[in-house]
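Each remark here refers to the structure printed beneath this line.
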Amino acid sequence: MRASDTELAMPASAAEAVEAFGDGRGVTVFAGGTILMPEITHGRYPTGGRTLMLTRAGLEGITGDGRIEIGAMTRLADVAASGVEPLASAAGDVADPEVRSQATLGGNLCAPPGAESPRGDLQAALLAAGASVRSAGAGGERTDSIDEFLGRAHSEARLVLAVELERPRRAAYLSLRRAHAHSYAVMAVACAELADGIRVAAAGVGPRAVRLAAVERALAGGAAAAQAAGAATDGVTPHDDALASAWYRSQVLPTLVTRALERLQGG
Amino acid sequence: MKAVGARLPRYDGLAHTTGRTVYVDDVRVAGTLVAKALRSPHHHAAITRIDTSKAEKLPGVRAVVTAADVPKNVYGHLEALGVPADEPLLADGEVRYRGQPVAAVAAEDVETAHEAVAAIEIEYEERPALFDIRKGLDPDAPSIHQWGPVYPHFGPYNHRRVRKGDVEWAFEKADVIVEGAYRPAAIEHCPLETQIALVVPEASGRLTVYTCTQAMYFSLGVIAAHLQVPLNRVKLIGGTVGGGFGGKVDTAAETITCLLALKAHRPVKWRWTREEEFLASSTRAPWHIEIQDAVSNDGWMLGRRMLTLHDAGAYARFSPYGLTKHGFHHTGAYTIPNVHFDGFVVFTNRVPTTAMRGFGVTSVSMAVELQMTRIAETLGLSPWELRLKNANRIGDTTANRVVMQDPSTVPVTLAAAERVGERLGPEYTAMTPARRSGELLPEHLAAQQAPEGAHVLSNGGRS
Amino acid sequence: MELTVNGVTRAISSPPLTSLLQVLREELDVLSPKAGCQQGGCGACTVLLDGEPRRGCLVPVAAAEGHEITTVEGLGTPGDLSPIQAAFHQKYAAQCGYCTAGMLMASHALINRNGGREVQREQVIEALSGHICRCTGYVKIVDAVIAASRGDVDVEKEQGLLVAEPSEPAVEPKGAPA
Amino acid sequence: MARHQGRGFATIEYPTGMNQNGDPTQAWIKLKPDGRVDVFSGTVDIGQGSKTVHTQIVADTLGVPYDWVTMDNSNTDSSAVCTGTFASRGTFIGGNAVRFAAERVRERILDIASKELEIDPGDLEIADGEVVAKGAPNRKISVADVAGAATYNYGELISGQGTALKPFAEVNDDDGSVQAEPHSAVSYAACVADVEVDDETGEVTVSRLVQVYDVGRAINPVLVEGQIEGGAMMGLGLGLLEESYPHYPSAEHRGEQFGAYLAPAIEDLPELDNVILENPSVDGPFGAKAIGEMANNAQPPAIAAAIHDAVGVWVTEYPATPERVLRAIKARAQPRREGKRVIFDEEISLRTVSANGGAGFLEV
C-alpha cells in the first residue's frame, strides 16, 4: 500500500495511544522514525492501514531513583545523559548525536533484526540490567521481564509503554565497532551487578541479544573475568553478516566479555 | 605571476557554502516525471517472459521502456579504442548481474513509479553464476559471457602482455625469489550525489540532458550512439558534480532517461536511490595479483614475473583499458630490467567494474609496495634503501620502453624519510634522480638504459 | 499542516508521513539539504529543528509542524555570510559541496550549543560523526569549525574573492632535473 | 589487552592523462569589450577545483587579474571537446588546453595594442590587465581599452582556441612496448603510516600518515592539499575499511545501506602531515603534474606494511579488516621455502584455488 493512504493517528496521551493501538492488528507504530522513515521513502510501507505516531503521547521521561522508569518514547540522547548504566553507555554508543536525538528506547527495543547488520543496540544493556517491559495490547497492560519480552518479540503485537529497572550497583558496557557512526556495532557486551549477582549479555551474536548464562554461572562460582569469559560462546550461535563473520564473532566474544568484566570489576 | 601558486579561494566556494550550487537534482522543470527501473534480482538468468502491458495501463504511468525501445541497445563504452561492444543498455533475453536494468518506467509520482515497476510481469530461469576470477578458467566454470570467460581482444591474445629483457636470466641469476599474492577488494565510489539525470525533450526534437557525468563529451557520444542520432540532437548541461571518483565516467542514468523522455514527450528525472547505488552502480574492480621477484642478496631487483586477473564484472566496459594501464605500470616506482607480465580481464556475474581514482595503478601500488616491503624483510635489508637503490632514475626505461625524464622516486622517498627521522646511509641521503652511473649502474641495468636525449626506445632491454 | 522554514510559515499539502527533506526540496524548493542517502546514514540533509540538528530524511513532516526549521538558506547569503559559512569558504572545507549544507548546519548548532567558547577537536568529531564527506578527508572541515568557534574568520573578506597571496612549497624542491 | 605500534611506508608513481593518450581537451576564450575574459571548456568540476585551477592558469597566461576570468564548463553547445575528468588529466591536459587558448588570445591582444601604441608586439608585455612597453612603463594601454578598440574600431572579436592532445600510442601486443609516451607526465609520492594493532580483536587504528607528493607545480596549493587529504582518507578506506562485498566472494553480501559500507568517517581521521614537492614537469602548465588519482594509492600498502611491523603478519587481501588481521595472527603463516624460492600466500594463490592449478592463466 501507499504510505500516503495510511490513516495517521497522533494520540495526545498514553491512554489515547493504548486505545488507538487496541490489539495492534493493522497498526504500524511510529516512534522515532529512524528505521521506519527510510522504508516509507523507498516505497516499502510496512503493514496495515493505520499508523500510530507517538510523538505527542507523553511517553517520554526518566523517573525514579532506585527503581527507575524510562518511558518508551524517551530519546536515546536523554538515556545516554541519564547516568543509568549500562544503559546510558549503550545509548551513547548508538549512531551519532543527530540520530540519538530522534531514536527512542521503545523503537530500539522493538527493532526487527537488520538484513545486513545487527540492530537493537540496547538489548544487551537491558538484559544485563534485568529490566522489565511494561506494554499494552491484546489482554491489556502487563509487565514482562526483558528476557520474556525479547523471547516473544515479533510473535505478538505489543505497544511498549515503559522500561523499568533497578539501578545496578555496578555496570559496564563495551562494544566492538568500526569507527563509524552510521554503522551498527559488530558486537556489544553489557554486564551489571545486581542484588542477586552479575548478569552478562551480548548483542550482535544472534538475531537479538542474549544472556551469557554460562559466564554468569562461572562468575557466581567465583571464576575470574578471563576464566569466566572462556564460556562466553556456550549456547551462542553467532552469524555471518556484512559486518563480520560468525568465526570472527566467536573468536572475539570472549575477549570482549573479559574486557567488559574487567571494566566492571576494576571500576 | 600572481594567480598561479596563490592560495586563491575556490571558484565555487561561496555557492557551496550558501547552498546555491545547482546540481542536477536542484534543477526544476515543470511537469517532470519520475523514473524508476526494474532491475534483475538474479546474478545470472535467462529472461523467459516479460510483459509490460499492465504497467503501461496504470493511471499516471507515461512511459515504459525495454530493450526493444533502444535504437542501438548494445554499445561499448570504448568502441573508439577498439574494445568491441558487449553491454546492453537494457537487458535483452538474459541478465548477467544482480541489479542489471531490464526495464524502466516514467510516472507522475514516485509511488506510481514504484507500482508500475512492480506491475511488470517478468519470469527468469536462473543460471549458475561465477564470482571468483581465479575459477574463471576452471573446466566446470559456468559460461557467463558471449566472449567466453576472459576478454579475448588484446590483438591476437586473450591477455595483455608486457615483456622486456631476459626474465629467464634474472631468475637464474637471482639469490632469492620472493613470491606473493595480493587481492584488492571491490570498492564503492560512494559520492554523496547518486547517479542522476534529468532529460527535457525540446520542441525542436532536441534533448536537453542535465547530467552528473564526469565526462560531458564522452557521455554525449554514448547517448548519441545508443539513440543513433548525430551529436547536435543532444545537449548536455553539467560540469558541476556532487562527487565522482570515476563512477560517473560511466554513462549510467542519462540514456535510459532519454528513452523515457522521448517516449513520454515529457521531462523525466531519474535519481538513483542510495540502495540502487550500492546494489547496481559499478565498483572499483577486485583484482588478483601474483608476483615473483628475482632479487640479489644485496637488494637489486633483477627480474619480475607478474600475473594479474582483473575482475570486469559482467561486461567489459573500461576493464581492458584499466588492465593495460596496470601492465604498463606493473614495476611501480622502480626500474626492473627484466619483466614478464600477463594480465587477464575475467568476467564474473558481478556488476561491471569501472574506473575509480587511480584506475589500474592503485592495484599495482597495493601489491607491489607490500611486495617490496616483504623483499626487504626477507633479505634483511632496509625497506627504504631497497627502494632507493632500485628507484626510477633519469634515463631508465619503463617496462614498455618509455624513457624516464623527470622521475621523483628518490626525492619523495628521501623527503618522507627525513620527515619521520629515518636514518639512512650517506650513500642514500646523497641520492638524486640523476642518470645512473658507478655503483648504481651495475651490468644488469646497463642494457635497459636509454641514450641521452631519447624519449622512447623501440626495442629496449637485454634481448 | 503548516511549516515554518527560515522564519516563513507556509501551508503544506504533502501527506504527513512525507519526510521533511522531501517537503523542503520538492514542495518548498528549499534546495540546500541534499538527498544523499535517505537512510539517515550520510548527514547531507541535516537541518535545524528549533536549533538542534536533525536528519531531514528521518523526520516526518507531521513531527516537524510547530517547530522552527532552519536551513543553510536561513544562515546567510553570499553577501551576508554567517561565521560558519565564511569559515568553510576560507578554509576550503567544501570540495564537491554535496555534503556541505549538512556539515554547516551540524557545525552551526555545535558552536551555538557551546555558548561562545572555542570548540575542541573531539567535539567536532562527535558532532560530525554521522556526516560523510567523500572528498575532503575532513581535515579542512575540522579546521573551519574550530576557526568559526574562535571567531577566527574574516567574514567581510569572505564576501568577495580573496587577494592572491604567494605560496611557498612546504619543502624546497630537491633533485629537480636540470 | 595487547596493543602494538607499527610503521610502514610506500613509494608510488602515477601517470597523467589517459593511458595511450588520444584524449583531447579543447578550450576557447573570448574577450568582452571591457577586457573581461570568458573561458569555455568542458572540463567537469567534480569537487577537485578544476574551475579554480583553470581560471588561475588563464589569468596568469594572459596577465590579467584572476577575477576578470569567468569559467563556463556548463554545456556541450558552448564548450568544445573535453574527454572528461578522469585519469588525473584535469590540471595537466585541461590546464594546457586553456593555456594554449589563452596564449592565442594574448597574441591578439598584443597585436591590437601594437596598433594602438605603435610599438612592435614583441616589445610589449601584459601585467595586471595592462599592456605595457618593455622598458617604458608609462607607454601602456589597458586590456580593457584593447578589447574595446578591437570590438568597436577594428571589428574583431578577440578570441583564441587551444587543444591539448597527445597522439594515441599504439601498443605492440606481443611485448607491450609503445612507440610514443603513453601518458603526459608522471607524478610520485611516498607515504609513511603509523598504526596501532589490537592483537586480540584485529582492530587497526591509523594514528598518523606522513605524505610527500611531487606535483610539479602546485597551481593552487590549498586545492592540492585538499586532494592529498581527501585521498589519504580514501586510501585509509581501501587499506582498512571498504569492501563492496564484505564477504567476497559471497555475492549475496553487497550491502545496500551505509550501515554496512564503511566509507571513512571523521572518526577515522588520523594526524596528517603533508609535504608538497615541486619538481616541474617538462610540458605541464607552469610545470604542473597530476595529483588527484594517485592520492589514494600509497596508504594501503603503507598501512599493510605497518601492520606487519606491529604484529608480524602479512595481510595481503585488502582491506585489512579486523577479521583478516585476526585470522593472520591466529594462523601465523610462514612462507614455504623451496630452494631459493620464498613462497608466501599459497592458500589464496591461483594454483591452490582454481580447479586446474591455474591452467590457462599461468605460463601463457
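The values are calculated or read from the model by the stated rules, or taken from the named source; none is laboratory data. What you are looking at is a predicted structure, and each value in this text was computed from that prediction instead of being measured. Please note: Cβ atoms are built from the backbone with ideal geometry, for glycine as well, and neighbour counts cover all protein chains shown.
Return the total of residues in region D:126-169 being surrounded by 20 or more Cβ atoms within 10 Å (Cβ to Cβ) and assigned to a helix (DSSP H, G or I).
4
Hey, can you tell me all the residues within region D:272-284 that are farther than 14 Å from D:Val186 by Cα and either crowded, with 23+ Cβ neighbours inside 10 Å or more than 10 Å from chain C (Cβ to nearest Cβ) (or both)?
Passing the criteria: only D:Ile276.
If you take the residues of region A:125-174 that are within 20 Å of A:Val215 (Cβ to Cβ) and without any contact (Cβ under 8 Å) to a residue 24 or more places away in the chain, which of them is surrounded by the fewest Cβ atoms within 10 Å (Cβ to Cβ)?
Residue satisfying both the conditions and the ranking: A:Gly151.
Checking the condition facing another protein chain (nearest Cβ under 8 Å), basic (Lys, Arg) and over 19 Å from B:Arg304 (Cβ atoms), which residue from B:Arg387, B:Arg435, B:Arg419, B:Arg401 passes?
Only one candidate qualifies: B:Arg419.
Looking at (1) small (Gly, Ala, Ser); (2) more than 12 Å from chain D (Cβ to nearest Cβ); (3) within 20 Å of C:Val153 (Cα to Cα); (4) touching a Ser or Thr at 6+ places or on another chain (Cβ under 9 Å), which one does C:Gly79 not meet, given that it meets all the others?
Tallying (1) small (Gly, Ala, Ser); (2) more than 12 Å from chain D (Cβ to nearest Cβ); (3) within 20 Å of C:Val153 (Cα to Cα); (4) touching a Ser or Thr at 6+ places or on another chain (Cβ under 9 Å), C:Gly79 fails exactly one: (4).
Residues that are assigned by TED's automatic domain parsing to the domain that holds B:Gly247: find the strands (runs of 3 or more DSSP E) completely inside region B:165-228 holding 2 or more of those.
Because the criterion is at least 2 residues that are assigned by TED's automatic domain parsing to the domain that holds B:Gly247, the strands (runs of 3 or more DSSP E) in region B:165-228 that meet it are B:196-201, B:207-211.
Confirm whether D:Leu350 is facing chain B (nearest Cβ under 10 Å), over 19 Å from the mean Cα position of the chain (by Cα) and over 30 Å from D:Pro221 (Cα atoms).
Yes; evaluated as a whole, the condition is true for this residue.
Looking at region D:335-347 only, could you name the residues that are loosely packed, with under 13 Cβ neighbours inside 10 Å and under 38 Å from the mean Cα position of the chain (by Cα)?
The one that is loosely packed, with under 13 Cβ neighbours inside 10 Å and under 38 Å from the mean Cα position of the chain (by Cα): D:Glu347.
Can you tell me how many residues in region A:220-246 are part of a helix (DSSP H, G or I) and either over 24 Å from the mean Cα position of the chain (by Cα) or touching a residue at least 60 places away in the same chain (Cβ under 8 Å) (or both)?
Qualifying residue count, region A:220-246: 5.
Are there any pairs with C-beta distances below 9 angstrom linking a residue in region A:107-124 that is on the phi > 0 side of the Ramachandran plot to a residue that is part of a helix (DSSP H, G or I) and not basic (Lys, Arg), with the two at least 6 apart or on different chains, and if so which?
Close Cβ pairs satisfying both conditions: A:Gly120/A:Asn108; A:Gly120/A:Leu109; A:Gly120/A:Cys110; A:Gly120/A:Leu150.
What are the residues in region D:49-75 that are crowded, with 24+ Cβ neighbours inside 10 Å and part of a loop (DSSP other than H, G, I, E, B), if any?
D:Gly49, D:Val64, D:Asn73
Given the condition more than 20 Å from C:Ala64 (Cβ to Cβ), away from chain B (no Cβ under 14 Å) and of a type in the set (Ser, Thr, Tyr), answer yes or no: does some residue in region A:15-30 qualify?
no
For region D:204-216, does any single residue satisfy the condition of being under 20 Å from the mean Cα position of the chain (by Cα), more than 7 Å from chain B (Cβ to nearest Cβ) and in a loop (DSSP other than H, G, I, E, B)?
There is at least one residue in region D:204-216 that is under 20 Å from the mean Cα position of the chain (by Cα), more than 7 Å from chain B (Cβ to nearest Cβ) and in a loop (DSSP other than H, G, I, E, B).
Please count how many residues of region A:1-14 are more than 9 Å from chain C (Cβ to nearest Cβ), in contact with a helix residue (DSSP H, G or I) (Cβ under 7 Å, 6 or more places away or on another chain) and modelled with pLDDT under 95.
1
Report yes if C:Leu31 is surrounded by 22 or more Cβ atoms within 10 Å (Cβ to Cβ), more than 26 Å from A:Ser183 (Cα to Cα) and within 9 Å of chain B (Cβ to nearest Cβ), otherwise no.
Judged against the criteria, C:Leu31 is a match.
Those residues that are facing chain D (nearest Cβ under 7 Å) and over 22 Å from D:Ala27 (Cα atoms), I need them from region B:205-243; list them, please.
B:Gly243
Tell me, please, whether a residue that is at pLDDT 95 or above, within 7 Å of chain B (Cβ to nearest Cβ) and touching a Pro at 6+ places or on another chain (Cβ under 6 Å) can be found in region D:318-334.
The answer is yes; a qualifying residue exists.
Can you tell me which condition D:Leu241 does not meet? The list is (1) more than 10 Å from chain C (Cβ to nearest Cβ); (2) free of Cβ contacts under 8 Å to residues at least 60 places away in the same chain; (3) aliphatic (A, V, I, L, M), and all the others hold.
Against the list (1) more than 10 Å from chain C (Cβ to nearest Cβ); (2) free of Cβ contacts under 8 Å to residues at least 60 places away in the same chain; (3) aliphatic (A, V, I, L, M), D:Leu241 comes up short only on (2).
If you take the residues of region B:182-204 that are within 9 Å of another protein chain (Cβ to nearest Cβ) and charged (D, E, K, R), which of them is farthest from B:Met306 (Cα to Cα)?
B:Glu193
For B:Met306, all conditions in the list (1) under 30 Å from D:Ser78 (Cα atoms); (2) outside any loop (DSSP other than H, G, I, E, B) hold save one; what is the number of the exception?
(1)
So, of the residues in region C:116-142 that are within 9 Å of chain D (Cβ to nearest Cβ) and at positive phi, which turns out to be surrounded by the fewest Cβ atoms within 10 Å (Cβ to Cβ)?
Restricting to residues being within 9 Å of chain D (Cβ to nearest Cβ) and at positive phi, the top hit is C:Tyr138.
Can you name every residue in region B:124-181 that is surrounded by fewer than 17 Cβ atoms within 10 Å (Cβ to Cβ), closer than 30 Å to B:Thr335 by Cβ and at the interface with chain D (Cβ under 7 Å from one of its Cβ atoms)?
Those that are surrounded by fewer than 17 Cβ atoms within 10 Å (Cβ to Cβ), closer than 30 Å to B:Thr335 by Cβ and at the interface with chain D (Cβ under 7 Å from one of its Cβ atoms): B:Gly155, B:Pro156, B:Tyr157, B:Asp175.
What number of residues within region C:1-57 are aliphatic (A, V, I, L, M), more than 15 Å from C:Cys99 (Cα to Cα), out of contact with any helix residue (DSSP H, G or I) (no Cβ under 8 Å at 6 or more places or on another chain) and assigned to a helix (DSSP H, G or I)?
1
Residues that are within 14 Å of chain D (Cβ to nearest Cβ), surrounded by fewer than 24 Cβ atoms within 10 Å (Cβ to Cβ) and either closer than 29 Å to A:Ala179 by Cβ or charged (D, E, K, R) (or both): does region C:102-115 have at least one?
Yes, that holds for at least one residue.
Scan A:Val99, A:Val79 and give me the residue that is closer than 22 Å to C:Leu49 by Cα, part of a helix (DSSP H, G or I), β-branched (Val, Ile, Thr) and more than 9 Å from chain C (Cβ to nearest Cβ).
Result of the check over A:Val99, A:Val79: A:Val79.
Please specify each residue of region B:342-387 satisfying the condition of being on the phi > 0 side of the Ramachandran plot and either more than 16 Å from the chain's Cα centre (by Cα) or not assigned by TED's automatic domain parsing to the domain that holds B:Gly180 (or both).
B:Gly380 - this is the single residue of region B:342-387 that is on the phi > 0 side of the Ramachandran plot and either more than 16 Å from the chain's Cα centre (by Cα) or not assigned by TED's automatic domain parsing to the domain that holds B:Gly180 (or both).
Is there a residue being surrounded by fewer than 24 Cβ atoms within 10 Å (Cβ to Cβ), within 9 Å of another protein chain (Cβ to nearest Cβ) and among the hydrophobic types (A, V, I, L, M, F, W, C) anywhere in region D:81-97?
Yes, region D:81-97 contains a residue that is surrounded by fewer than 24 Cβ atoms within 10 Å (Cβ to Cβ), within 9 Å of another protein chain (Cβ to nearest Cβ) and among the hydrophobic types (A, V, I, L, M, F, W, C).
Do the conditions hold for D:Glu203, that is, is it touching a Pro at 6+ places or on another chain (Cβ under 6 Å), at pLDDT 95 or above, surrounded by fewer than 24 Cβ atoms within 10 Å (Cβ to Cβ) and farther than 16 Å from C:Val139 by Cβ?
So D:Glu203 fits the description; yes.
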